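Encoded as structure tokens, the structure appears first; notes follow it.
The values are calculated or read from the model by the stated rules, or taken from the named source; none is laboratory data. Note that this is a predicted model, so its numbers are computed, not measured. Cβ placement follows ideal geometry from the backbone for every residue including glycine, while neighbour counts extend to all protein chains displayed. Please note that ligands, DNA and RNA were not included when accessible areas were found on the heavy atoms of the full protein model with its side chains. Shrake-Rupley method; radii C 1.70, N 1.55, O 1.52, S 1.80 Å.
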Amino acid sequence: MNVSLFQAAAAMNASSRWQDLIAQNLSASSIPGFKKQDISFSAIEAGLMGARGASATQPAHFTLPRMEGYTNFSNGELKFTGVKTDTAIDGPGFFEVQLPNGTAGYTRDGEFHVDAQGQLVTKSGHLVMGSNGTLQLDPNDPNPITIASNGDISQGAARKGRLKVVEFNTPQLLAPVGGGLFAALDSKLQPTDSSRASIRQGFLEGANTSPVIEMANMITAMRHFEANHRMVQLQDERMGKAISELAGT
């Protein structure tokens, strides 16, 4: 078995997946609160090679490269918008929203607005959850909406509720479901009300990805792919030459 061929092919597959993640980061770089996908490379033991030589008694191990993607939850830059329903989390935590299927979703995108029914919703129409359920405001009330640093929402002098902001013991287990939203699908995830987060009214958190850095990473990933593609070609040529020479003997 040509181990070098398998290793180069595995490295090409990893580089291709890396390019997919970079493309995702680039396409979502303008989404408030977006968390980029990073990668880690490792080597896995893929099998054993048969012992060679008269004195060889132990088979040799060989490894293949592997790429794993993970979400980078570092904070993005807070940007002032002045919109009263825009909110950003300064610190750890996630806003809880209600997904169309009735389950809970979690996001750092605080670009909210009040719909025609007076409910606080995300730009995609998902209901924003409060500590005691959905947040109901009066769309006909001219009084300004104020959001305190602890998440309390008021309309004029009337308190309307408190934004539900939660933390997770292992946020890396959250599953991205698109649009800057995450779902807690892993049973190991334990949400708790966040006591460390400070809410900033009139701000949005920018994506924690840089288009310049991602473009540089894309070039690197392409160079990795090309180098391993050339290795596959060399191994194929070497095997073809060996077969040709053996056939002529």
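Values as computed for the structure displayed
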| item | result |
| --- | --- |
| Filter pass, N143 being in contact with a Ser or Thr (Cβ under 9 Å, 6 or more places away or on another chain) and open to solvent by 80 Å² or more (accessible area, probe 1.4 Å) | no |
| First in the stretch 235-249 and modelled with pLDDT of 75 or more, second anywhere and of a type in the set (A, V, I, L, M) and in a helix (DSSP H, G or I), Cβ under 7 Å, 6 or more apart | Q235/L5; Q235/A8 |
| Options S74, S154: the member that is assigned to a loop (DSSP other than H, G, I, E, B) and either polar (S, T, N, Q) or at pLDDT below 95 (or both) | S74 |
| Lone qualifier among E167, E214, E245 - being buried (at least 16 other Cβ atoms within 10 Å of the Cβ), assigned to a helix (DSSP H, G or I) and among the charged types (D, E, K, R) | E214 |
| Hits in the stretch 183-207 (condition: closer than 27 Å to P144 by Cβ and either assigned to a strand (DSSP E or B) or within 15 Å of the chain's Cα centre (by Cα) (or both)) | D193, S198, I199, R200, Q201, F203, L204, E205, G206 |
| Among (1) open to solvent by 40 Å² or more (accessible area, probe 1.4 Å); (2) more than 24 Å from P100 (Cβ to Cβ); (3) in a strand (DSSP E or B) - the single one P176 does not satisfy | (2) |
| Filter result for S187 (open to solvent by 60 Å² or more (accessible area, probe 1.4 Å) and of a type in the set (S, T, Y)) | yes |
| Of all residues making up the stretch 147-156, the number that are buried (at least 16 other Cβ atoms within 10 Å of the Cβ) and among the polar types (S, T, N, Q) | 2 |
| Qualifying positions in the stretch 16-26 - of a type outside the set (A, V, I, L, M, F, W, C), open to solvent by less than 50 Å² (accessible area, probe 1.4 Å) and touching a strand residue (DSSP E or B) at 6+ places or on another chain (Cβ under 8 Å) | N25 |
| Criterion (crowded, with 16+ Cβ neighbours inside 10 Å and either without any contact (Cβ under 8 Å) to a residue 40 or more places away in the chain or touching a Phe, Trp or Tyr at 6+ places or on another chain (Cβ under 8 Å) (or both)) met by exactly one of A116, A88 | A88 |
